[in-house]
1. Please go through the range 583-598 and give me each residue that is closer than 15 Å to Asp420 by Cβ and part of a helix (DSSP H, G or I), ordered by number.
2. Restricting attention to the range 599-634, and to residues there that are part of a helix (DSSP H, G or I), surrounded by 18 or more Cβ atoms within 10 Å (Cβ to Cβ) and of a type in the set (D, E, K, R), which single residue is farthest from the chain's Cα centre (by Cα)?
3. Which numbered condition in (1) acidic (Asp, Glu); (2) more than 27 Å from His518 (Cβ to Cβ); (3) surrounded by 19 or more Cβ atoms within 10 Å (Cβ to Cβ) is the only one that Glu454 fails?
4. I need the full set of residues from the range 707-725 which are assigned to a helix (DSSP H, G or I) and either of a type in the set (Val, Ile, Thr) or modelled with pLDDT under 75 (or both), in order please.
5. For the range 539-562: of the residues being out of contact with any helix residue (DSSP H, G or I) (no Cβ under 7 Å at 6 or more places or on another chain) and touching a residue at least 24 places away in the same chain (Cβ under 8 Å), which is nearest to Lys463 (Cα to Cα)?
6. Which one is nearest to Ala560 (Cα to Cα) among residues in the range 650-676 that are part of a loop (DSSP other than H, G, I, E, B) and under 13 Å from the mean Cα position of the chain (by Cα)?
7. Pairs please, first residue from the range 144-166 and in a loop (DSSP other than H, G, I, E, B), second anywhere and surrounded by 17 or more Cβ atoms within 10 Å (Cβ to Cβ), Cβ atoms under 6 Å, 6+ apart in sequence or on different chains.
8. Those residues that are closer than 19 Å to Leu608 by Cα and of a type in the set (A, V, I, L, M), I need them from the range 539-579; list them, please.
Amino acid sequence: MNSAQLNLQFKIHGMDCAEEVTVLKRELGPVVGGEGRLRFDILSGKMTVAASGELSPETVLRAVARTGMRAEVWQAEATATADQPNWRRRERTLLTTASGSFAVAGFLTHVVLAGGVSAAIGSEGMGAAQHVPWISRGLYAAGILAGLWVVLPKAWLALRQLRPDMNLLMTIAAVGAVAIGEWFEGATVAFLFALSLALESWSVGRARRAVEALLDLTPPTARVLTDANVEREQPAGQVPVGALILIKAGERFPLDGTIVRGSSDVNQAPITGESVPVPKKPGDEVFAGTINGDAALEVRTTKPAGDTTLAHIIRMVGDAQSRRAPAEQWVEKFARVYTPVVLALALAVFLVPPVFFGGAWQDWFYRALVLLVIACPCALVISTPVTIVAALAAAARNGVLIKGGAYVEAPAHVRAIAFDKTGTLTEGRPAVVEVVPLGGHDEAALLERVAALEARSEHPVGKAIVAYAQERGIPIRPAADFEIVPGRGATAQLDGKEFWLGSHRYLEERGQETADVHEKLVAMSGPGRTVVAVGNESHVCGLIGLADAVRPEARQTLQALRDAGVGRLVLLTGDNAATADAIGRQTGVDEVRAELLPADKVQAVEELVARHGSVAMIGDGVNDAPALARAGLGIAMGAIGSDAAIEAADIALMADDLAKLPWLIHHSRRTLRVVRQNIGFALSVKAAFVLLTFAGYASLWAAIAADMGASLVVIFNGLRLLRPRRLAGPAATPPRATEALQRGSG
């Protein structure tokens, strides 16, 4: 693709399954310069064309129209086309209802005029009807036309291109039934096929609404505070980065930002899947679409409306359908070969027995039609996409963002996992782990002094100490004359006295280190620890130890992964060996590799791939992005992870909850089981009816009813994945889905 190319986006009405995507690819591929220039999002009904400058939208619209579907240029505003899908659904419902009504009316008329049900249905074993009245024929014909109305253009295109599909098979079956006088069965075939298509559209629509509900999570306007502290309502899309907005109690955040004033508990379930509200204070980050608690907050916006975390999630979920799962790709390839083979087999069933064995032409023509109907790949084709879409939606509701169907199956096959340390197995920020008062001070007095010195500090260590003091209810009064000693520490005045804090080196430079203080300091300075000394002019007041704490759920999660069949757990870090070994012992990993550069992490992942095959890498930093991209499955810690890591990863854990890893593996395996069940069931039903057809015991209406029944079974079996499921281990209780997602998928 060159720089002169641009992306043209279109709304496609009537695109509900992979079969229609295949039709569009065949028709539009030559027009746009190859199928590789086309991308499809079934969930939102969107097609993207990587077009060269000379390709006009009108050319694409005409090509789509030739497939029997309808296209229009994509409108960014949801309201611009909101009424179109509703009309399309109503049109399909009306046509299906009309088809069934005309078929019933024709049959009842036939029964009355023929003198009974048996006379209307026929009694010659294969359902051969006799003497269909003209009024019944008219009603049957109207039913057939209504049932095949949306199918006929697609069937004609398939015939013209000599590429038979299920639309052509059903059309041949209905028209063939009429040709041998089976008007009732022809009308039944048309109605049941229309009903199966309507149900398929509904099933995709259900999953589509679950994702579209995300759009309702963000309020359309924001309450902007001007320099004069006056509130002004403004469309969220027009609020600039850096603006100050007010969010009242119970309201949703319209944009991503950082809290400037106020403290509140925020419900982050729409973004991270956390079921418990998260306490937020000044300096903390908040996300668009989350729900404020019981206090007003002033927030400084950090991203425009189109670049918020929620907007990224919506785009990623929308793009997910363009990345097809291996099972979907297999089904599509199978159906591509299967359909013409079935058409040839039906032709052989029609010709061989009468020509070579003296069979009755009408009898074997009827059996050929039955074979066409039961062999229709409808149930098989929809069995996998519906399941994959349901799996994607269920994962999103649990705070796990899977970027496409291609990655739904991958966790089920993982045999080794490589973990980054900082921000993955650990919290990713320093925390106070030990407080040692000296010089006659108690812990409260020591914390009061050090928090006063660190009150205005922006250093992560200072913030950690202040947070620790606040958690213990220590009053914080900022010290006066605060002054930084570069590379060593800081000094300040408190109650007329000078206090200082700093590193071991600064303590030595001040000449206040005693043997007792040195002994305690050495004991506290374990791998990965930072020790801050605090004192005044006369003595050392105490020591505070800080470390990047291991996540509390880490060890239990790693054991749950072993229980799930993951054979090798490896820690990859750029930190020093002593710190890495300490974290490795605490978490229970099988192997530790320390002091790695980004390129070394990639090499380590490649070695794991060579030994174990399917390997996942989980990390959160920019330096993890190359390894995430190299692994068979890249997983990013979404909430605190860097943009580079999230973009490189295939899956993002939006709640930064390691316990989601075992849940993800079980979810992937459950999805695979459902896919295999659906494919196996669809093929078994078809095999059984093929045998019944050759034996002469199957009829057209029974064949289409069986095919529709199989379609219903695989649809509802796939949609089971939308139901929450409890699992053993640390992922036993998945977070509750948001109300909007529940409404969308219910």
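1. In the first step, residues of the range 583-598 are kept if they are closer than 15 Å to Asp420 by Cβ; the result is 583-584, 587, 589, 591-598.
Result: Ile583, Gly584, Thr587, Pro598.
2. Lys601
3. That leaves (2) as the condition not met.
4. Of all residues in the range 707-725, those assigned to a helix (DSSP H, G or I) come to 707-722.
Within the range 707-725, Asp707, Met708, Ser711, Val713, Val714, Ile715 meet the criteria.
5. In the first step, residues of the range 539-562 are kept if they are out of contact with any helix residue (DSSP H, G or I) (no Cβ under 7 Å at 6 or more places or on another chain); the result is 539, 547, 549, 552-553, 556, 559, 562.
Add one more test, that the residue is touching a residue at least 24 places away in the same chain (Cβ under 8 Å), and what stays is 539, 547, 549, 553, 556, 559.
On the way: His539: 25, Ala547: 13, Ala549: 15, Glu553: 24, Gln556: 29, Gln559: 33 Å.
Residue satisfying both the conditions and the ranking: Ala547.
6. Residues of the range 650-676 part of a loop (DSSP other than H, G, I, E, B): 650, 654-659.
Going one step further and asking which of them are under 13 Å from the mean Cα position of the chain (by Cα), we end up with 650, 654.
Working: Asp650: 22, Met654: 20 Å.
Among those that are part of a loop (DSSP other than H, G, I, E, B) and under 13 Å from the mean Cα position of the chain (by Cα), it is Met654.
7. Trp149/Leu95; Val151/Asn167; Pro164/Ala158; Pro164/Thr339; Pro164/Leu343; Asp165/Ala158; Asp165/Thr339
8. Within the range 539-579, the subset closer than 19 Å to Leu608 by Cα is 558, 561-562, 564-574.
Of everything in the range 539-579, those that are closer than 19 Å to Leu608 by Cα and of a type in the set (A, V, I, L, M) turn out to be Leu558, Leu561, Ala564, Val566, Leu569, Val570, Leu571, Leu572.
The values are calculated or read from the model by the stated rules, or taken from the named source; none is laboratory data. Because the structure is a prediction, the values reported are computed rather than measured. Neighbour counts run over all protein chains shown; Cβ positions are idealised from the backbone, glycine included.
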